[in-house]
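The values are calculated or read from the model by the stated rules, or taken from the named source; none is laboratory data. Only a predicted model underlies this, so the values are computations on that prediction, with no experimental measurement involved. For neighbour counting, all protein chains shown are included, and Cβ atoms are generated from backbone atoms with ideal geometry for every residue, glycine included. For the accessible areas, the whole protein counts, side chains as well, though only heavy atoms, and no ligand, DNA or RNA atoms are used. Shrake-Rupley method; radii C 1.70, N 1.55, O 1.52, S 1.80 Å.
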Amino acid sequence: MAKMSLEDLRKLREEMQTEIKKRETEGKTIQIIIGMGTCGISAGAKDTLDAFISILDEKKISGKAIIRQTGCMGR
C-alpha cells in the first residue's frame, strides 16, 4: 500500500466525517424509508437507495433528510 501524505489523511478524514454526518438523525425533518429485504432488493430497492443518496447529495439537502433501511415491507 502506498504511503499517504498528511494532506491525504486530512482529506480522507474530512470525507469520512461528511459520511458520518449523513447518518445522524438529530435535527432532520424528512425521513425516507426503503424496504431492503431480499424481496425489495430484487425489485430494485438498491438502485432506489443509491438514487435517493445521489439526489440528496446533488441538491445539498442530505442534512435535512435521513434515509432508513428496513426489512420486507410486505405487499
Legend entry - Pairs where the first residue, in region 46-75, is at negative phi and of a type in the set (Lys, Arg) and the second is surrounded by 11 or more Cβ atoms within 10 Å (Cβ to Cβ) and assigned to a helix (DSSP H, G or I), C-beta under 9 Å, 6+ apart: 46/40; 64/56
Inset, instruction - Run down 21, 3 and say which single residue is under 12 Å from the mean Cα position of the chain (by Cα) and open to solvent by 70 Å² or more (accessible area, probe 1.4 Å). - result: 21
Inset, instruction - Might you let me know whether region 14-25 holds any residue that is under 12 Å from residue 68 (Cα atoms) and not in a helix (DSSP H, G or I)? - result: yes
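Please go through region 25-46 and pick out each residue that is within 14 Å of the chain's Cα centre (by Cα) and surrounded by 10 or more Cβ atoms within 10 Å (Cβ to Cβ). Break it down stepwise before answering.
First, pick out the residues of region 25-46 that are within 14 Å of the chain's Cα centre (by Cα): 25, 28, 30-34, 36, 45-46.
Passing the criteria: 28, 30, 31, 32, 33, 34, 36, 45, 46.
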Inset, instruction - Scan (1) within 17 Å of the chain's Cα centre (by Cα); (2) open to solvent by 100 Å² or more (accessible area, probe 1.4 Å) for the single condition residue 56 breaks and write down its number. - result: (2)
Legend entry - Residues of region 26-46 classified as closer than 21 Å to residue 58 by Cα, aliphatic (A, V, I, L, M) and not in a helix (DSSP H, G or I), total: 4
